[in-house]
Amino acid sequence: MLLGSHSIAPSFILAPLAGYTDLTFRLLARSLGCGLAYTEMVSAEGLSRRASGTWELLEKDPADHPVSVQLFGSRPDSLARAAALVEEWGADIIDLNLGCPVKQVVKTGSGAALLKDPARTLHLLREVRRAVSVPLTVKIRSGWQPGEPTGLTIAAMAEDCGYAAVALHPRWAVQGFTGLADWGLVALLKQKITIPVIGNGDLQNAEQALARQQETGCDGLMIGRQALKAPWIFRQMAELTAGRPLLEPDRAERKKIIADYWDRIAGRYEGVRQVKALRRALFVLTRGLTGSGHFRQQVALAPTAAVLQELFEQFFSGPEMDN
Ligand SMILES: Cc1cc2nc3c(=O)[nH]c(=O)nc-3n(C[C@H](O)[C@H](O)[C@H](O)COP(=O)(O)O)c2cc1C
């Protein structure tokens with residue numbers, strides 16, 4: 001899949017996930033075969049006001065490419081200014097969030113609120129396109145409410161404005177995360193526009209993801225929640241595509257994946273933030289391994305990184321290591 005001059009190969013993509021897809025997680029996903037990673041959504045207002053808390057969300061690393069920085073906002077001028085700033089910062093691609101249904105975001109006229117106002121969105125798409133030269137993409141939901149697929153209209157507008165791709169999470173904004181993603185709309189969008197379409201929503205495993213791609217003809221597959229639980233899904237999709245058997249990482253490999261991730265977290269964060277990130281990593285990435293239930297209870301109570309380290313070593317050096 002080509003996004004401007006960036007060849008996205010494989011076109012298996014880590015979704016933007018607020019509070020999760022920080023630099024350490026993006027690097028983990030890349031090490032397991034993800035071809036493009038998005039930052040979490042970043043406030044255009046915050047960036048253009050140069051608020052330090054907002055800029056902290058943008059951490060750089062030479063290995064973190066291609067990276068798409070996702071912006072949210074409602075004012076064309078501040079989105080355009082923020083886009084220019086993140087281009088200067090080094091974003092390879094800039095994505096506009098036109099789908100977040102969270103109340104605090106919608107009430108400011110950002111995210112999914114824009115699905116209710118295609119005319120305003122068109123203005124915004126044009127202003128941002130004028131402000132930067134990197135490839136731009138949009139991430140949309142189907143529309144605000146059932147029966148009104150404004151997302152598809154906005155996708156066509158984005159194509160007309162020179163945007164490089166559209167990622168569609170085919171739920172209505174009012175649905176939140178209830179119901180199921182309607183991949184029929186991904187197929188429909190694929191017929192409607194000629195720029196790449198990235199399908200997203202409820203992809204749970206490699207076989208199902210590739211089946212969705214076959215059914216809809218979409219150019220890229222974006223994984224969100226499942227990537228948090230099993231980031232090796234990216235590698236598994238590549239294995240299946242290449243006709244190789246699908247392998248689950250065994251206990252020894254999980255240990256290595258966690259140890260590498262641990263080093264990145266410990267290298268970036270300190271204090272409480274570090275402990276929280278390590279706890280979360282251990283919690284999620286040991287799921288399904290023999291003895292992990294008890295282990296996770298211990299992890300939840302561990303007060304320091306040193307105690308977590310001890311638990312980690314014990315868990316992976318026990319007799320279950322043969323499993
Ligand atoms: C915790 C969480 C945070 C999210 N943050 C963002 C975000 O910052 N920007 C965005 O466009 N979508 C965000 N999403 C939506 C995901 O990118 C994705 O569209 C959605 O989860 C559906 O994909 P999935 O079923 O693979 O998780 C978030 C979803 C979750 C669960």
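The values are calculated or read from the model by the stated rules, or taken from the named source; none is laboratory data. Bear in mind the structure is a predicted one, so any value in this text is a computation, not a measurement. Cβ atoms come from the backbone with ideal geometry, glycine included; neighbour counts cover every protein chain shown.
Report yes if Ala181 is in contact with a His (Cβ under 9 Å, 6 or more places away or on another chain), not in a strand (DSSP E or B) and not aromatic (Phe, Trp, Tyr), otherwise no.
yes
Within the range 174-200, count every residue that is within 13 Å of the ligand (Cβ to nearest atom) and buried (at least 24 other Cβ atoms within 10 Å of the Cβ).
Qualifying residue count, the range 174-200: 4.
For the range 130-151, give me the residue count where each residue is away from the ligand (no atom under 16 Å from the Cβ) and crowded, with 19+ Cβ neighbours inside 10 Å.
5
Rundown of residues vs (1) in the same structural domain as Ser31 (by TED's automatic domain parsing); (2) more than 22 Å from the chain's Cα centre (by Cα); (3) surrounded by fewer than 18 Cβ atoms within 10 Å (Cβ to Cβ), yes/no style:
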residue	(1), (2), (3)
Gly224	yes, no, no
Phe234	yes, no, no
Leu246	no, yes, yes
Arg264	no, no, no
Arg273	no, no, yes
Gly288	no, yes, yes
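Looking at (1) buried (at least 19 other Cβ atoms within 10 Å of the Cβ); (2) more than 16 Å from the ligand (Cβ to nearest atom); (3) closer than 25 Å to Gly199 by Cβ, can you tell me which one Ser31 breaks?
For Ser31, the failing item is (1).
Mind listing whichever residues of the range 1-28 are of a type in the set (Gly, Ala, Ser) and away from the ligand (no atom under 13 Å from the Cβ)?
The answer is Gly4, Ser5, Ser7, Ala9, Ser11.
Filter the helices (runs of 4 or more DSSP H) completely within the range 212-271 down to those with at least 2 residues that are modelled with pLDDT of 95 or more and within 16 Å of the ligand (Cβ to nearest atom).
In the range 212-271, the matching helices (runs of 4 or more DSSP H) lie at 225-229, 233-241.
Out of the residues in the range 92-129 that are surrounded by fewer than 18 Cβ atoms within 10 Å (Cβ to Cβ) and within 13 Å of the ligand (Cβ to nearest atom), state the one that is farthest from Leu17 (Cα to Cα).
Going through the qualifying residues, I end up with Gln104.
Please go through (1) among the polar types (S, T, N, Q); (2) without any contact (Cβ under 8 Å) to a residue 60 or more places away in the chain; (3) under 19 Å from Glu45 (Cβ atoms) for Asn97 and return the number of the only condition it doesn't satisfy.
So the condition that Asn97 fails would be (2).
Residues being in a helix (DSSP H, G or I), within 12 Å of the ligand (Cβ to nearest atom) and buried (at least 19 other Cβ atoms within 10 Å of the Cβ): count how many of those fall in the range 201-211.
Counting residues in the range 201-211 that are in a helix (DSSP H, G or I), within 12 Å of the ligand (Cβ to nearest atom) and buried (at least 19 other Cβ atoms within 10 Å of the Cβ) gives 1.
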